[in-house]
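Step one of this worksheet: look at the structure below.
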Amino acid sequence: MDSNRRAKPTPQDVASAARLKAAWHARARDLGLTQEKLADELGITQGAVSQYLNGRIPMNYRTLMAFSQALGIADTDIRSDLPEQRLGASATPEAEWEDVTGYSQAAGLGNGAEADEYAETHKLKFKATSLRRRGIFGRPLAVYYGRGDSMEPTIKDGDAILFDTSDTRVVDGVLYLVQFHGNGNPEYFVKRATVLDGIVFFASDNPTGDHNWKKPRRMDSARSPITVIGRVHWIGGWAD
């Protein structure tokens, strides 16, 4: 008998591989993640990554954590039966939360806010599991507050806006914090991206509001170019 043959996957291995593969198909493309990139991180071949995804090789703890962190999900979304996971079950409640910096000034929804107005004032706590599921745990996050009516009903005046400054790749239909370079000082806005024939525009959800964004604006405008600061992931405010 060949002692080097891998152990046959257990039913738990097969089930966890199915969950992993489903998460990969749901998230990898949007995250820009490929089998080759993960293979480089793990120091294995792309073929081995494929075998993990298809359940031909059982995941150990190191591999499980590499997949879950790359996909921005909790390791327990894939499996929770490994010995290392049971040993780590006694983590303190504080480790379940992530601090995100909040700023005193608003990100303009309509008339903008000058970039040099921002000042750090406080920390907000978000559930680490929620950030992992969104794929933004451990990333440079910040919270600004909306000002104006141009993004109603999506964002109301005073709503908190969580965004990721490491994600500046424009996706059609997604909200972004952007910097508008007009005639005066640069200003921050929250706007929705639209991609038409390879050209990126930013627009308000409420073009009839009292503001200066009645029409979409091109990102590559020669006179007033727009820079993406980060992708919006969460909006929170008081219910009426």
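The values are calculated or read from the model by the stated rules, or taken from the named source; none is laboratory data. As the structure is a prediction and not an experimental result, all values here were calculated from the model. Neighbour counts run over all protein chains shown; Cβ positions are idealised from the backbone, glycine included. Heavy atoms of the whole protein, side chains included, go into the accessibility calculation; ligands, DNA and RNA do not. Shrake-Rupley method; radii C 1.70, N 1.55, O 1.52, S 1.80 Å.
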Check your understanding: Looking at segment 202-234, which of the residues that are of a type in the set (Val, Ile, Thr) and modelled with pLDDT of 90 or more is nearest to ASP164 (Cα to Cα)?
Key -> VAL232
Check your understanding: So ASP99 fits all but one of (1) part of a strand (DSSP E or B); (2) at pLDDT below 65; what number is the exception?
Key -> (2)
Exercise for review: Would you check if VAL200 is hydrophobic (A, V, I, L, M, F, W, C) and over 22 Å from LEU33 (Cα atoms)?
Suggested key: yes
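The rows are residues; the columns are (1) under 23 Å from the mean Cα position of the chain (by Cα); (2) among the acidic types (Asp, Glu); (3) part of a helix (DSSP H, G or I); (4) closer than 20 Å to THR129 by Cβ.
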| site | (1), (2), (3), (4) |
| --- | --- |
| GLU36 | yes, yes, yes, no |
| GLY47 | no, no, yes, no |
| SER50 | no, no, yes, no |
| ARG56 | no, no, no, no |
| MET59 | no, no, no, yes |
| LEU64 | yes, no, yes, yes |
| ALA70 | yes, no, yes, yes |
| THR76 | yes, no, yes, yes |
| ARG79 | yes, no, no, yes |
Revision key, fill the gap. When segment 38-57 is checked residue by residue, the ones that are open to solvent by 40 Å² or more (accessible area, probe 1.4 Å) and modelled with pLDDT of 85 or more are ILE44, THR45, GLN46, GLN51, ASN54, ARG56
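Take segment 24-34 and flag every residue that is buried (at least 17 other Cβ atoms within 10 Å of the Cβ) and modelled with pLDDT of 90 or more.
Scanning segment 24-34 gives a single hit, TRP24.
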Review point. Which members of segment 128-140 meet the condition of being open to solvent by less than 50 Å² (accessible area, probe 1.4 Å), assigned to a loop (DSSP other than H, G, I, E, B) and touching a helix residue (DSSP H, G or I) at 6+ places or on another chain (Cβ under 6 Å)?
Key: GLY135
